[in-house]
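Comments concern the structure below.
Quick note: the coordinates plus some simple rules give every number you see, no bench work behind them. Because the structure is predicted, anything quoted here is derived from the model rather than measured. Every residue, glycine as well, gets a Cβ built from its backbone with ideal geometry; the counts of neighbours run over all protein chains shown.
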Amino acid sequence: MTLKLTINGQERELAVPPQTPLLNVLRNDLSLNGPKYGCGLGECGACSVLIDGMAARSCVLPVSAAVGHNVTTLDGLAQNGQLDPVQQAFIDAQAAQCGYCLNGMIITVRGLLNHNAQPTAEQIRAALEHNLCRCGTHVEILQAAERAVVINAVALEEAPYE
Amino acid sequence: MSDGSMLNGQQAPAGTSALLSKARYGVVVRPPFYRWSDGRFASDRLVGVDKNSLASLSGPIDVVVEGDFVGVVADSLALATDAAKQLKVEWRTVRQAADKSPAKMPVEESHPPYASASHAYGWPSRMRWGNHPSWVIADYSDQQLSVWGPTATPVALKQDLSRLTALDVSQIELYSAVNNHSTQQASGLGRHCGDDAAVDAALMSRAVGSPVAVWLDARYAKDVEALGQAQRITLNADLSSDGEIARYRYQQANLTGEVAAVGLWLSGAAAIAELTEFPSGDNDTPPFSPYVFRDQYLAARSQPASLTTNPTLTGIQQAFARESFLDEVARESEQDPIALRLRHLEDARGIELIESVAKRAEWQRPSDQPADSLPRQLMRGRGFAYSQLPDRDQRVEAGVRSAWIADVEVNRITGDVQLTRLVVGQDAGPDIDTARLQQTLQARVLGEARPFLGHEPRFDEWGDGSRALTKHESSALAPTTSSPTIYSPSASVAAVGEDVLTGAELSPGVAVIANALFDATGLRFRQPPFTANRVRQALEESAIEGSGRPSKPVKQSRSTKRRWLAAAAFTTIAGTAAMAWPWKGAIAPVSRPAANLYSAETIERGRLVAAAGDCAACHTSEGGVTNVGGRAFETPFGTLFSTNITPDEVTGIGQWSYAAFERAMRHGISRDGSHLYPAFPYTAFAKTSDADLQALYAYLMAQPPVAAEKNTNELSFPFSVRALMAGWNTLYHNPAPFQPDPMQSELYNRGAYLAEGLGHCSACHSPRNAMGAEKSGGAYLAGAFVDGWEAPPLNTLSRAPVPWSEASLYDYLRQGESALHGVASGPMAPVVAGLGELPEYDVRAIAHYVAAQMQAPTGNSDADVAGAEQRVASAALSAPELEAGERLFEGSCAACHVASGVPTFSSARINLALNTNLHSDHPDNVIQSILGGVHAEHVPGVGNMPGFADSFSNTQVADLATYLRARFAPEKAPWQQVEQRIADLRQPHHNNTHSTP
């Protein structure tokens, strides 16, 4: 039995057991190593991917649940060689120590901005509340997120109907 | 159009239910003996009715007495039924000495050497009204009579009603709940007992002065039996040595068609009409025969006592008898049926027509396919019939000739007859658009074929339910969407006769099928209808008598046919025996039936039956091959293992005959005669219909066989002694098949059939007594514990924070989640997956039935939804001060179970404040969910929660469960001894989360 998935804009056909976690398929079968394996219980957020523009914890999601939806990983965030505004903001703010959580942070902020392009500082904190960072770079991460709001707004103005 | 009736203007979708709300309910009390026989109606005479016998019943009850007619009218059907039972009625017996039973048409044997033939053909006075109960409502007021109900013969019914009430037919309105094919019904095969019910209702309505509803159900089958034959035609022939028919004799007992309704006879109205309106002997018309014999005698007696005439029906009856007889003569004297007819036909057009039809239909080509292409449960046959009717002025030349060839397939197990091909040649004069004629004939022929080839929707029918909805829901209590058809008041016998298509060309329709049936089965059916039941019974009888196919050439599959019939007969005997005493002989092993024995349709039906019964849920071990068994069940009596139900001959059911399979399903006895334990819910499966069980057997036998390791049950004494189950069964097992409740709708009965039978809901959701038997009564579906999970109550004891509704139940069963309650998990998840295979209608039916047990409304009210929102809001604000639990919740659960204001794809969609499990009196399901997670594997997108068995200690799970209870079900008392329960339940759990990449 094969499953048809749309991942980073590409149609993929995979012969995997439908109950396999999406994360395993992305990393092992498709070599998309942006999403990370953290807790394996959906607690830390390191495995986050975007599904239909919303953040999802791919370690607890069976691959069959993604059939018929658009999956975007960190690897597919950049468009035409241009980094996503959120990625650019995290680089600008140098918001990493070990970097293991950053996939989840970036994906979660991207999901937030997709839903609300002008979030308040409060809303950013709420959105990131359940993404864990063990290195303690929370301050830089929040700065990066705030910067992402600005860059994202500029990008939207340049190509509002992309 | 009548405007005087208070019930008029009912074209609104409310339909029958609106009528019922205004009607009272009538139940008739028939005399112990009443019979129509030889053109006379006889019955016991009424002496008196003791109305005091009803004193103990409360509520207004009217007793209607007219002549020998007795009926009871009350404000509810239940009360009227009780009253009818309780009413003391005294009858004077006028039973005739010799109670002839002409309705029985035995399957006769031929007596070679062959020189003469004599056979009689009958036509029943009443067709049965399907298996579907429905309402018949009559409203008599202000010199107006309106009747709602099914009738196939509106003209005859109007005449009856007119005689009953002395109203003119123009003052009588008939409304049919069946809205299609009214013209075909009008040209149908005769009256059915709906007409008797209509006359009963009208009689009672006139007597009590309000609308009266009568429930048309199996009780009216008694009328069908009592009225016997309306028509009996005897044919004799002597054959010359070369096979030519030298002498032909045709005697028809009753030229004019139909027998008046029982109510009319009993009340005496029919007898009066007979005297005044029908001088006898005027309309003696000799029957017409298209054939020419050297010596022929044709006679038809006119019966004044039969009140209505129907030339269409008479034509069909005459052609049926004549064409069946010629077919019999031909088969018995080993002649080709068409060749024999041609020998006796002089009409050039007719000969030409028959030859062209025979050529077009490839009459000579054998209808038998090579054995390997025909599934062995099917028998095929081909029949021919011809008719020629003169026109209205008795001009033979101008009449219509019609030659038919039909192919049928008969299922030897179910008795189903499929009309697989029909070739009709019609000579209908020069000015006929042949294409249109062909089209009309096709529609009429096939439409006409349906009522007596018997495919009546019933409670065990599989499909999308659409037919049941359009055709029968309207006649039950539920609202209908179809507006009733009104028979045109101008329709009359003459008008029907005008239509050249109505008369002649339908005449061979019944005969051609009877002849094809004989070709297929070797059995002669000399009286319609040819329902699946009758065909099956005839097949079984002929198998028991061991005289299967008297004059049929031997076909390749003959021996297997015999064996099958024998097996079917054995089943019945075994079933009866097992009901009567603890019978436990072994049933001889058989080799596995061939893969092509069953049709694809049967196997597909079986697949649906298996899905509804969810066999795989129990008969598949974790990670094992489907249906191979080996799943362990912890019971209070010890550990049981499910068995291999793949057709493996050694470890599975490969050597089980159908008889053995059915015995196991209905009586809980294995093929080898040992008793099965009621963990296998045969107590529920016994309610399954025969057709469904046969299909299930076909499906299971068609699956690939897989060998399994035998597991040994670990039961404590005395439960390890299987023979003791015999006593258990007499105490607790009722093997009676499902009986639909006439007071309930189609949808309810379908739901009940699925839920009580195949679905075996009560196996998990009803508590069991100390002997492991399901409790009934108030404890039915009252909730129970199975396999470490709580199966919550499905009756009024439900603890759901927001009350269940039928719509919520449907969502839950169909989608695996209800927005107001939560997701299906644990052992319920595979159930939902199984239901996913079923048509939508069936799932709706189950939801409807369960909602009725819960006394739940159809949909959730705005107040319910507002209450749910209120719960969610208050749970978000007020966290209890349980620090350890809160930390665990925030760390492990909140990412998915707390809304952050941004939509995410993987979060739980249904708030824990609405979760039924958190509001239960028992923490079991919550503990199970935390330890093992929620994996609705078969329902994508629903419930994907990891298990925390490996991450949390018992104390942590207890802290978390206590916190969840306090936060999301704050009005409920805290659970007690949670940690102990966790220790008990943890055992079976291993790491349910998936391993690292």
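Ordering B:MET854, B:MET743 from the fewest to the most neighbouring beta carbons within 10 Å gives B:MET743, B:MET854. Extension gain, B:THR420 to B:SER210: 0.36 nm times the residue separation minus the Cα-Cα distance gives 70.7 nm. Dipole size of region A:85-158 about its Cα centre, with +1 on Lys/Arg Cβ and -1 on Asp/Glu Cβ: approximately 240 debye, rounded to the nearest 20.
Here is the link list: B:LYS22/B:LYS51; A:LYS36/B:LYS972; B:LYS51/B:LYS775; B:LYS85/B:LYS687; A:LYS4/A:LYS36. Which ones come out longer than 29 Å on Cα distance? Write out the running numbers ahead of the final one.
Numbers: B:LYS22/B:LYS51 25 Å; A:LYS36/B:LYS972 41 Å; B:LYS51/B:LYS775 40 Å; B:LYS85/B:LYS687 27 Å; A:LYS4/A:LYS36 23 Å.
Pairs exceeding 29 Å: A:LYS36/B:LYS972; B:LYS51/B:LYS775.
Within chain A, the whole DSSP H helices whose Cα atoms reach 24 Å or more along their own axis and whose mean Kyte-Doolittle score is at least 0.5 are A:138-158. Spacing of the modelled spin labels on B:ALA879 and A:ASP29, each 7 Å from Cα toward Cβ, amounts to 3.8 nm.
Between B:GLU890 and B:SER58, what is the FRET efficiency for a Förster distance of 60 Å, r being their Cβ-Cβ separation, to the nearest 0.05?
On the way: r = 62 Å, r/R0 = 1.04.
E(calc), rounded to 0.05, equals 0.45.
Take each residue in A:47-59, count the other chain C-beta atoms within 10 Å of its C-beta, and the mean is 4.
Residues of region B:962-979 with an amide N closer than 18 Å to a point placed 7 Å from the Cα of B:VAL872 along the Cα-to-Cβ direction: B:967-970.
Can you give me the Kirkwood hydrodynamic radius for region A:32-162, using every pair of distinct Cα atoms, in Å to one decimal? Let's see the in-between values first.
On the way: mean 1/r = 0.0677 Å⁻¹.
Final number for the Kirkwood radius of region A:32-162 is 14.8 Å.
What FRET efficiency would be calculated for the residue pair A:LEU14, B:ARG909, taking the C-beta separation as r and a Förster radius of 22 Å, to the nearest 0.05? Show your work: numbers first, answer last.
Values: r = 26 Å, r/R0 = 1.18.
Taking R0 as 22 Å, the efficiency between A:LEU14 and B:ARG909 is 0.25.
The string of couplings for region B:349-358 from the Karplus curve (6.51, -1.76, 1.60, θ = phi - 60°) is 4, x, 4, 4, 4, 4, 5, 5, 5, 4 Hz, one whole number per residue in order, with x for Gly and Pro. Going from the fewest other Cβ atoms within 10 Å to the most, the residues B:MET204, A:MET105, B:MET701 appear in the order B:MET701, A:MET105, B:MET204. Computed from the Cβ-Cβ distance with R0 of 60 Å, the FRET efficiency linking B:SER861 to A:GLU158 stands at 0.75.
Residues considered: A:LEU50, A:LEU41, A:LEU142. Largest GNM mean-square fluctuation over chain A, using C-alpha springs under 10 Å, is found at A:LEU41.
If a spin label sat at a point 7 angstrom from the Cα of B:ARG247 along the line to its beta carbon, no backbone N atom of region B:315-345 would be nearer than 17 Å.
Residue exposure proxy: B:SER874, B:SER670, B:SER906, ordered by other Cβ atoms within 10 angstrom of their Cβ from fewest to most, comes out as B:SER874, B:SER670, B:SER906.
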